[in-house]
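A quick write-up on the structure given underneath.
The values are calculated or read from the model by the stated rules, or taken from the named source; none is laboratory data. None of the values given here were measured: they were computed from a predicted structure. Cβ atoms come from the backbone with ideal geometry, glycine included; neighbour counts cover every protein chain shown.
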Amino acid sequence: MDTNALQTVAVPANVVEEKPGASVQVVEGNAEEVILVESVKAEDVHLIVEVSVVDTEGNKVTVDEPGHFILAADVPDGKKLVVGHYKNDVWVDCTVEDLGNGQYKVHYNGLSPFAAVFIEEHEESPFAAEEEPTAPASPAPLLGLLAGLACAAVLRRK
């Protein structure tokens with residue numbers, strides 16, 4: 001494993017505003033000793049790294065905002081790079097963008113332990129898909145339906 005593979009991580013702007021002097025901390029492995037998904041083979045793990053933001057006293061700052069980091073990886077022939085982050089006790093898939101020259105932009109929705117693994121090009125990611133927030137259904141179609149029924153009732157009476 002190679003923590004030098006993680007090349008750029010920026011402190012989110014709102015954290016910089018709220019906690020001047022906050023900095024990114026990158027630690028190889030993870031303090032929580034989370035267990036990877038069963039289907040991931042040890043020899044396919046590129047790195048496991050815990051990324052966090054700490055304030056000037058060394059206290060962790062919770063970061064739930066989306067962001068990205070740049071990861072260097074020499075992906076073996078026939079393989080592709082997938083990255084997951086450990087969020088709410090589940091490994092969640094991150095979006096990985098190939099920038100070329102062995103650099104990948106990894107998009108996340110909060111800082112946590114991350115695992116970068118190599119899988120066969122045709123395989124699906126072993127990490128769970130990020131759940132999209134469900135917006136409440138708009139009341140407009142329902143109100144339109146009720147208005148239509150009210151009109152029908154009035155017309156029938158005439």
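Output the qualifying pairs, or none if there are none: Cβ atoms under 9 angstrom, residues six or more apart or on different chains, first residue in the range 48-75 and farther than 17 Å from Lys19 by Cα and modelled with pLDDT of 90 or more, second residue in a strand (DSSP E or B) and among the small types (Gly, Ala, Ser).
Leu71/Ala116; Ala73/Ala116
Hey, any hits in the range 94-104 for a residue that's touching an Asp or Glu at 6+ places or on another chain (Cβ under 9 Å) and within 17 Å of Ala128 (Cα to Cα)? Working first, answer last.
First, pick out the residues of the range 94-104 that are touching an Asp or Glu at 6+ places or on another chain (Cβ under 9 Å): 94-95, 102, 104.
Now restrict to residues that are within 17 Å of Ala128 (Cα to Cα): 94-95.
Within the range 94-104, one or more residues are touching an Asp or Glu at 6+ places or on another chain (Cβ under 9 Å) and within 17 Å of Ala128 (Cα to Cα).
Out of the range 27-71, which residues are surrounded by 17 or more Cβ atoms within 10 Å (Cβ to Cβ) and of a type in the set (Gly, Ala, Ser)?
Within the range 27-71, Ser52, Gly67 meet the criteria.
Looking only at the range 1-26, count every residue that is surrounded by 14 or more Cβ atoms within 10 Å (Cβ to Cβ), modelled with pLDDT of 80 or more and not in a strand (DSSP E or B) and tell me the total.
Looking only at that region, the number is 2.
Consider only pairs whose beta carbons are under 8 Å apart and that are at least six residues apart or on different chains; among these, list those whose first residue lies in the range 112-130 and is in contact (Cβ under 8 Å) with a residue 60 or more places away in the chain and whose second residue is among the aromatic types (Phe, Trp, Tyr) and part of a strand (DSSP E or B).
Sorted first by the residue in the range 112-130, then by its partner, the pairs are Ser112/Tyr86; Pro113/Tyr86; Phe114/Tyr86; Phe114/Tyr108; Ala115/Tyr86; Ala115/Trp91; Pro126/Trp91; Phe127/Trp91.
Within the range 76-109, work out how many residues are without any contact (Cβ under 8 Å) to a residue 60 or more places away in the chain and either surrounded by fewer than 16 Cβ atoms within 10 Å (Cβ to Cβ) or charged (D, E, K, R) (or both). I'd like the intermediate steps shown before the answer.
From the range 76-109, those without any contact (Cβ under 8 Å) to a residue 60 or more places away in the chain are 76-102, 104-109; that's our starting set.
Adding the requirement that they be either surrounded by fewer than 16 Cβ atoms within 10 Å (Cβ to Cβ) or charged (D, E, K, R) (or both) leaves 76-80, 87-90, 93, 95, 97-102, 105, 107.
Result for the range 76-109: 19.
In the range 88-113, how many are at pLDDT below 90, more than 8 Å from the chain's Cα centre (by Cα) and either part of a strand (DSSP E or B) or among the small types (Gly, Ala, Ser) (or both)?
3
Tell me which residues, restricted to the range 114-131, are closer than 18 Å to Glu43 by Cβ and either at pLDDT below 90 or in contact with a helix residue (DSSP H, G or I) (Cβ under 9 Å, 6 or more places away or on another chain) (or both).
Ala116, Val117, Phe118, Ile119
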